[in-house]
Amino acid sequence: MAGKTRKVHDSMGEMLVPATALYGAQTQRAVDNFPISGLRMPRAFIRALGEIKAAAATANGDLGLLERGIARTIVGAAGAVASGEHDADFPVDVFQTGSGTSSNMNANEVIATLASRAHGKPVHPNDHVNLGQSSNDVIPTAIQVSAALRWHDALRPALKHLRKTIEWRSRSLRDVVKTGRTHLMDAMPLTLGQELSAWSAQLASAIERLDDSAARLHRLPLGGTAIGTGINADRRFGKRAIAQLRQRTGVRFSQASNLFEGIASQDAAVEFSGQLAALATALSKIANDLRWMNSGPLAGLGEIELPALQPGSSIMPGKVNPVIPESVAMVCAQVVGNHAAIVFAGASGNFQLNVMLPVIAHNLLQSIELLSTASVQLADKAIAGFVVRRDRLDEALARNPILVTALNPVIGYEAAAAIAKRAYKENRPVLDVAVEMTGLPEKKLRGLLDPKALTRGGIGSGGGGG
């Protein structure tokens, strides 16, 4: 029946919670104290909390610190939390106590309730589920575990898929020559394959940088408890629990060499977020290149046609817009904004504890999720299906005055510049003007000014007769 409650208590006294809620008094206090945003902690973060609690219970059971039956029921309950069966019982707002204590106790209370039901005897959220732990080492550990898991399980595969798609298109377009551009102005020619190869290389570098940063995420402060000394934890606990995390997740987590650092700072999260921001700049560049290449179809560059996915205007019939690149560009803007928040939060530690942990978790995981889904959409709904407008590319190439750059070694810079200016002024092909102004044989000029040959670089790459 709606509105029914039950009475629970904690060290501060009694509280009423919804009758069907798995959580207890500390969670309810947080719900009452922080009606801030309506944003809850991310699914990946709750999963990490469940995995940590299961690993901790296993370690404590193996060390003889928890009775085996209690340890088993905690592991089972924590596994259910990790799998997402009880997300509705994690109502605490992102903007809560800076240590994330409310979220840690939320997990402890839910798991304790489930374990008590399975065990048939009371399982205590602090004395049993939180044994050997503090919010101060659990929450930083959960941030790093959740980010590492989403990198390995979601974002890295998405980036590999995007890069594979780009490489496929690059190979298929390796012989399609187009006008290059610097400063948004005509420059020397290149192939579309070469242009896309730059995108692929950007993604390869991004993956390499994120892999390197993820290595720091793998170093966990679990076992440091309140401030890094490990007070109230068996000295063997941290490494044993982390070994269980490795086994449960398949990720090579290890204990940080200095537990004080992992609790007092969030440098690993800031670093990883920085690499996500760098990735966002790369994706923004790719998205904007696609938008420019697609622009028109008549008054813009019109080099490609992106797949038509939806009507582009409520008033202009027939208009189709580059909606996927636009969506990706907005994701990139959000990720850069998230990084600014994470940098600010990362600088907000005092002495032995950072006190903006929940907002770091929220922003870091949101960035990973956004970049993961956006990368797949960009691959599948934009890059895989765009059509090249060869007529527009060829027309622009034929009238590109910058082709005269290839004549520099033969006639000199100033003479080449004069040809370019005249060709542009008279709207004529460079070849025709060069024949008139240089006296060189047309066959030789045709070879020197061959756009495809020019994509191979070098001096006099066009060859041609004497």
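Just so it is clear, none of the values below were taken in a lab; they were calculated from the coordinates. As the structure is a prediction and not an experimental result, all values here were calculated from the model. Positions of Cβ are backbone-derived with ideal geometry, glycine not excepted, and every protein chain shown enters the neighbour counts.
Hey, how much of the P(r) for the chain falls beyond 44 Å, as a percent of Cα pairs?
Details: 37100 of 108345 pairs.
I get 34 percent for the Cα pairs in the chain exceeding 44 Å.
Please list, by residue number, every one of the trypsin sites (Lys or Arg not before Pro) in the stretch 263-350 that is coil in DSSP and has at most 14 other beta-carbon atoms within 10 Å.
Values: sites: Lys285, Arg291, Lys319; in loops: Lys319.
Sparse-neighbourhood loop trypsin sites (Lys or Arg not before Pro): Lys319.
Please report Rg over Rh for the stretch 20-131, where both radii come from the alpha carbon positions and Rh follows the Kirkwood definition. Display every interim value, and only then the final one.
Working: Rg = 13.3 Å, Rh = 13.7 Å.
Ratio value, two decimals: 0.97.
Taking 0.36 nm per residue of sequence separation and subtracting the Cα-Cα distance, how much length would be gained by fully extending the chain between Ile231 and Ala88, in nm to one decimal?
On the way: separation 143, 0.36 × 143 = 51.48 nm, distance 3.28 nm.
Result for the pair: 48.2 nm of gain on full extension.
Given +1 on the Cβ of Lys and Arg, -1 on the Cβ of Asp and Glu, and no further charges, what dipole in debye does the stretch 20-131 carry about its Cα centre, rounded to the nearest 20?
Values: 9 positive and 10 negative charges, 30 e Å.
So the dipole magnitude of the stretch 20-131 works out to roughly 140 debye.
Which FRET efficiency value, to the nearest 0.05, is calculated for Asn350 and Arg446 with the Förster distance at 60 angstrom and r the Cβ-Cβ distance? Numbers along the way, then the final one.
Working: r = 72 Å, r/R0 = 1.20.
Taking R0 as 60 Å, the efficiency between Asn350 and Arg446 is 0.25.
Using alpha carbon coordinates only, what is the Rg to Rh ratio of the stretch 165-214, with Rh defined as the Kirkwood radius? Provide the component values of the computation, followed by the final result.
Working: Rg = 13.5 Å, Rh = 12.0 Å.
A ratio of 1.12.
Multiplying the sequence separation of Val251 and Lys421 by 0.36 nm and subtracting their Cα-Cα distance, what value in nm do you get? Mind dumping the intermediate values first?
Details: separation 170, 0.36 × 170 = 61.20 nm, distance 6.09 nm.
Gain on extension, Val251 to Lys421, equals 55.1 nm.
Net charge near Gln334, counting Lys/Arg +1 and Asp/Glu -1 over other residues with Cβ under 14 Å of its Cβ?
Numbers: positive: none; negative: Glu326, Glu369.
Counting the neighbours of Gln334, the net charge comes to -2.
Which aspartates and glutamates have a Cα less than 20 Å from the Cα of Lys381, not counting those fewer than 8 places away in the same chain?
Filter leaves Glu167, Glu195, Asp289, Glu303, Glu305, Glu326, Glu369.
Once the Cα gyration tensor of the stretch 399-454 is found, what semi-axes does its equivalent ellipsoid get, as square roots of 5 times the eigenvalues, in whole Å, sorted largest first? Write out the running numbers ahead of the final one.
Details: eigenvalues 41, 29, 24 Å².
So the equivalent ellipsoid measures 14, 12, 11 Å along its semi-axes.
Using amide H atoms built in the peptide plane, which far-off residues or other-chain residues are under 5 Å from Val176 H to H?
The answer is Leu192, Gly193.
Along the positive direction of the dipole of the chain (beta-carbon charges: Lys, Arg +1; Asp, Glu -1; about the Cα centre), which of Ile36, Ala347, Ile368 reaches farthest?
The Cα lying farthest towards the positive end belongs to Ile368.
Roughly speaking, what is the stretch gain from Asp432 to Lys164, that is 0.36 nm per residue apart minus the C-alpha to C-alpha distance, in nm to one decimal?
Values: separation 268, 0.36 × 268 = 96.48 nm, distance 4.17 nm.
Length gained, Asp432 through Lys164: 92.3 nm.
Find the Rg to Rh ratio for the stretch 214-317, where Rh is the Kirkwood radius over alpha-carbon pairs and Rg uses the same atoms. Can you show the working numbers first?
Working: Rg = 24.4 Å, Rh = 18.0 Å.
Ratio value, two decimals: 1.36.
Putting +1 on Lys and Arg Cβ atoms and -1 on Asp and Glu Cβ atoms, find which of Gly250, Ser103, Ile231 reaches farthest to the positive end of the dipole of the chain.
The Cα lying farthest towards the positive end belongs to Gly250.
Might you report the magnitude of the Cβ-based charge dipole of the stretch 399-454 about its Cα centre, with Lys and Arg at +1 and Asp and Glu at -1, to the nearest 20 debye?
Values: 9 positive and 6 negative charges, 26 e Å.
Roughly 120 debye for the stretch 399-454.
For the stretch 331-428, what is the Kirkwood estimate of the hydrodynamic radius, computed as the reciprocal of the mean inverse distance between distinct Cα atoms, to one decimal in Å? Write out the running numbers ahead of the final one.
On the way: mean 1/r = 0.0535 Å⁻¹.
18.7 Å is the Kirkwood radius here.
Can you find, among Tyr413, Val433, Pro401, the residue farthest towards the positive end of the dipole of the stretch 399-454? Put +1 on the C-beta of Lys and Arg, -1 on that of Asp and Glu.
The Cα lying farthest towards the positive end belongs to Pro401.
Give the lysines reachable from Lys7 as a straight Cα distance under 28 Å; neighbours fewer than 8 places away on the same chain don't count.
Qualifying lysines at Cα under 28 Å: Lys53, Lys121.
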